[in-house]
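Below is one structure, written out as structure tokens; comments come after it.
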Amino acid sequence: MEPKAGMVAGSHNRNEFVMIRHEGEAGPKPLKNLNSQLCQICGDTVGLTAMGDVFVACNECAFPVCRPCYEYERKDGNQSCPQCKTRYRRHKGSPRVDGDEEEEDVDDLDNEFNYTQGNGKALRHSQELTVPVRIVDPSKDLNSYGLVNVDWKERVEGWKLKQDKNMMQVTNRYTEGFNITHASLCCSADDARQPMHRVVPIPSSQLNLYRVVIILRLIILGFFFQYRVTHPVKNAYPLWLTSVICEIWFALSWLLDQFPKWYPINRETYLDRLALRYDREGELSQLAPVDVFVSTVDPLKEPPLITANTVLSILAVDYPVDKVSCYVSDDGSAMLTFESLSETAEFARKWVPFCKKHSIEPRAPEFYFAQKIDYLKDKIKPSFVKERRAMKREYEEFKVRINALVAKAQKTPEEGWTMQDGTPWPGNNPRDHPGMIQVFLGHSGGLDTDGNELPRLVYVSREKRPGFQHHKKAGAMNALIRVSAVLTNGAFLLNVDCDHYFNNSKALREAMCFMMDPVVGKKTCYVQFPQRFDGIDLHDRYANRNIVFFDINLKGLDGIQGPVYVGTGCCFNRQALYGYDPVLTEGYEDEISLLMSQKSLEKRFGQSPIFIASTFMEQGGLPPSTNPASLLKEAIHVISCGYEDKSEWGKEIGWIYGSVTEDILTGFKMHARGWISIYCMPPRPAFKGSAPINLSDRLNQVLRWALGSIEIMLSRHCPIWYGYSGRLKLLERIAYINTIVYPLTSIPLIAYCILPAICLLTNKFIIPEISNYAGVWFILMFISIFATGILELRWSGVGIEDWWRNEQFWVIGGTSAHLFAVFQGLLKVLAGIDTNFTVTSKASDEDGDFSELYVFKWTSLLIPPTTVLIINMVGIVAGVSYAINSGYQSWGPLFGKLFFAIWVIVHLYPFLKGLVGRQNRTPTIVIVWSILLASIFSLLWVRIDPFTSSTTKAASGSQCGINC
């Protein structure tokens, strides 16, 4: 499919197919004819046998290879056919190599080393073939024969160089030069066989002590509960029972969270070894093709400028341009997204060569130019500074054009949007429109300003019609899987949100260190990168960075079966998304192809012969039978709204339906089949994105995550009972169980946070008088909790402030969003009341740095934690006043109650700051504490009453009332 060939729109169900072509644009160029007698390795003629037949090196597929290349592959290569991977059989006259089978009909000892090497010359003593062979049509592209990953023309120069080196070795056999050349070749070969990654274990001095503390904490926990259960508080039995139930649930929740962190590991990649093996300088790259997915819905909530920066960082990635394709899914069918992507494609022609010429990082212009760097430092060439200034001006003009499009899109015309050529925009109705595809850049066109090719950029908007279930983001991602398989069929997929740009241009190479590993790659379903964020306040008030989750929990899972899928920044094996099991034994692919008939394939993948054929291309690339002229129509077919009917899409294939957090469910299904995942943390973060720093937006985001977990828990895919017949490891299952049940902790948590206030108001407590023996266990319990946290911070490298913010927001989210998610999930499953998915706003700070942090947006999620705060503050005032009235002896029991109440308020302190917002002068927290302290001191003043003498007080106390 050619770039700039115009937009393609249509509906398979309605038999509509329209191509909107601009004036002056030509159609596709015809393919070039190739000589049918050429060797596909060196380009020379194949040659004839002694019988006058064409020389056939491989009897299985008849891939055209000349006799010299055949001998070279047997002697110095991998001894197998480059197409079908079948080991070469020895022909008569060929020297023996290790592994040749002993066959009488091919033994020719007299002439074993006597054969003619030449281009097209007859070879003596050649065996007459009796096995029928398939003749390769040389007029087709080599990619049609499955040679996307191993294009053998790239070995021509290496073969000729090796021939020259062999001649040099013969000529200078006894010279010192031979030893140097041989040593260098051996060294290079050894480096190419080195692993491309390694596991960096946590030092045993840290990890063993960490595990010992966990075991001790379990023992202490047992004695703690033995005391709590056997020592009830008789005068406060309901409070005691509630507290014990809550504490038992907290202990179970801790166990579910703790044990998956038993085997934490780090990983390290070697990009130089990857390049040495698959991307040698001066040779054609053998790196696998990758399709990158970008998803967006509403351009007014997800600004087009942010999406444009993400796309530009993808197009400028450090990876062979013919191996990268970028697909942008517009699930809102907005013309604003389409026009901004067209502007982005034009700007990419200038931006991409600038990035690659000067090797800049990051390659998203908005964030690159925002860096405060002294460009004259380290003697940078003046030409770079000049080009950078020119590029910055170009980018500012690009921003003006994008912002003009945004301003224009604020008011929709009554007749709907129209394109530049006057054609009505097909997506004017976002709920009822045909599928749309536009290729902006591609391999056969769309050159940059330096005349180099650019990666393919494709706009996709799937068809939507009333009455069809479209499954939100999961459905859009599955449509991208199918359309990418039809157009490019990259062996691997990488998906990012529209606000997550490539912060590291080598991110794809980092993933390939695992995906293309000969051993690990066959059983790896995806490589997950951690999420890192820009634009978050210095102290990360609402724990937006999720450092504890990404740097502790996922590291722990990486040592078991791999991290969970977090929805973005993840590189997939396409075969894993197709629902296949990992390759654990030889010949597994042949077994699958034999067991599955055409009818079963259509029932599984849908009725698209081209797409079904692409699923068998494990190394990527289009299938041999593909007709380029039919790709556009087939691409429209696979994104039609009824394509998934009566198929396994969303059930066993692709992104799994049934939850708003489709990421957790999709990763769980893969792990249940026996796949492993990898957690890759390069020194420079691979991706960076934006996060909602406003309190209300943050709580709504957490609500969506928690609601998705509840939906999974109440579905058939619940990890508690699903997948026991598969290969899911026990600790990995425990991690998934913890992922779906954590919202339930909100119920005991909010009860436990109210208990201190009730104790202060009723002058009762949940714990009886503690003996010295019991006090020791209480002290050891607190010490073990702190010791576990400190040791986790030690082996993970997480800072104590990040850990504390995570603890605070655990309470904030547990008393608000998680509680609402539990009830909304129950309503959705039991009563069928669905909740709408709200796209998180990615607005920029136009009123100053972190201005969005102080914006107050009222939502019902704020009610429960606000109530908890008020009740505990009232309880503190009442408890202090009661102690003052009761005398000195009541202050001792009061301290325990005050400790728990203050514990709640301290954890909700960031919520309190976000609740009252930012004042002009006086910090709001000062006002709140002033009111609290004023109330306490007022009660003290009334109690002491310094202006009344003691005699008067005694007299008033001895007076008898009316009922004396």
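The values are calculated or read from the model by the stated rules, or taken from the named source; none is laboratory data. If you're wondering where the values come from, they're calculated on a predicted model, not measured in any experiment. Every residue, glycine as well, gets a Cβ built from its backbone with ideal geometry; the counts of neighbours run over all protein chains shown. Accessible surface areas use protein heavy atoms only, side chains included; no ligands, DNA or RNA. Shrake-Rupley method; radii C 1.70, N 1.55, O 1.52, S 1.80 Å.
Details
- LEU665 vs. criteria free of Cβ contacts under 8 Å to residues at least 60 places away in the same chain and either small (Gly, Ala, Ser) or farther than 16 Å from PHE533 by Cβ (or both): yes
- Residue pairs whose Cβ atoms lie under 6 Å apart, sitting 6 or more positions apart in sequence or on different chains, and linking a residue in the stretch 437-465 that is closer than 12 Å to VAL8 by Cα and polar (S, T, N, Q) to a partner that is at pLDDT below 85 and part of a strand (DSSP E or B), are GLN438/MET7.
- Pair list, Cβ under 6 Å, 6 or more apart: the stretch 289-310 residue over 26 Å from ALA485 (Cα atoms), other residue open to solvent by less than 10 Å² (accessible area, probe 1.4 Å) and part of a strand (DSSP E or B): GLU302/THR296
- Screening the stretch 334-435 for helices (runs of 4 or more DSSP H) wholly inside it with 3 or more residues that are within 31 Å of the chain's Cα centre (by Cα) and polar (S, T, N, Q) returns the ranges 335-358.
- The single condition among (1) surrounded by 17 or more Cβ atoms within 10 Å (Cβ to Cβ); (2) closer than 30 Å to ILE734 by Cα that GLU268 does not meet is (1).
- Candidates ARG545, ARG541: the one that is of a type in the set (Lys, Arg), touching a Leu at 6+ places or on another chain (Cβ under 8 Å) and at pLDDT below 90 is ARG541.
- Meets criteria (more than 30 Å from ASN763 (Cα to Cα), among the β-branched types (Val, Ile, Thr), at pLDDT below 90 and in contact with a Lys or Arg (Cβ under 8 Å, 6 or more places away or on another chain)) for THR181: yes
- Candidate set: the stretch 763-777, residues that are in a helix (DSSP H, G or I) and surrounded by 15 or more Cβ atoms within 10 Å (Cβ to Cβ); chosen: the one nearest to the chain's Cα centre (by Cα): TRP777
- From the options ASP298, ASP331, residue that is within 30 Å of ALA474 (Cα to Cα) and open to solvent by 20 Å² or more (accessible area, probe 1.4 Å): ASP298
- Complete set of residues in the stretch 735-748 that are of a type in the set (A, V, I, L, M, F, W, C) and surrounded by fewer than 23 Cβ atoms within 10 Å (Cβ to Cβ): ILE737, VAL741, LEU744, ILE747
- Residues located in the stretch 716-748, provided they are free of Cβ contacts under 8 Å to residues at least 60 places away in the same chain and outside any helix (DSSP H, G or I): ARG716, CYS718, PRO719, ILE720, TRP721, TYR722, GLY723, TYR724, SER725, GLY726, ARG727
- Residue under evaluation CYS187, criteria (1) at pLDDT below 90; (2) under 34 Å from the mean Cα position of the chain (by Cα), criterion not met: (2)
- If you go through the stretch 508-554 and pick out every residue that is part of a loop (DSSP other than H, G, I, E, B), charged (D, E, K, R) and farther than 17 Å from LEU695 by Cα, you end up with 1.
- With respect to (1) polar (S, T, N, Q); (2) part of a loop (DSSP other than H, G, I, E, B); (3) in contact with a strand residue (DSSP E or B) (Cβ under 8 Å, 6 or more places away or on another chain), the lone exception for GLN438 is condition (2).
- Among the conditions (1) surrounded by fewer than 20 Cβ atoms within 10 Å (Cβ to Cβ); (2) within 18 Å of the chain's Cα centre (by Cα), the only one that LYS651 does not satisfy is (2).
- Unmet requirement for TYR459, which otherwise passes all of (1) open to solvent by less than 40 Å² (accessible area, probe 1.4 Å); (2) among the hydroxyl-bearing types (Ser, Thr, Tyr); (3) in a loop (DSSP other than H, G, I, E, B); (4) closer than 25 Å to ILE639 by Cβ: (3)
- Residue check, ARG465 farther than 25 Å from GLN561 by Cβ, surrounded by fewer than 23 Cβ atoms within 10 Å (Cβ to Cβ) and touching a Ser or Thr at 6+ places or on another chain (Cβ under 9 Å): yes
- Residues (open to solvent by less than 10 Å² (accessible area, probe 1.4 Å) and under 23 Å from ALA251 (Cβ atoms)) located in the stretch 708-734: SER709, ILE710, CYS718, PRO719, GLU732
- Residue among VAL8, VAL18, VAL97 that alone is of a type in the set (Val, Ile, Thr), modelled with pLDDT under 75 and surrounded by fewer than 20 Cβ atoms within 10 Å (Cβ to Cβ): VAL18
- ILE220 open to solvent by less than 70 Å² (accessible area, probe 1.4 Å), under 30 Å from ILE767 (Cβ atoms) and either at pLDDT below 50 or β-branched (Val, Ile, Thr) (or both): yes
- Qualifying residue in the stretch 279-295 (condition: open to solvent by 10 Å² or more (accessible area, probe 1.4 Å) and in a helix (DSSP H, G or I)): no
- Test result for ALA491, open to solvent by less than 10 Å² (accessible area, probe 1.4 Å) and under 27 Å from GLY674 (Cβ atoms): yes
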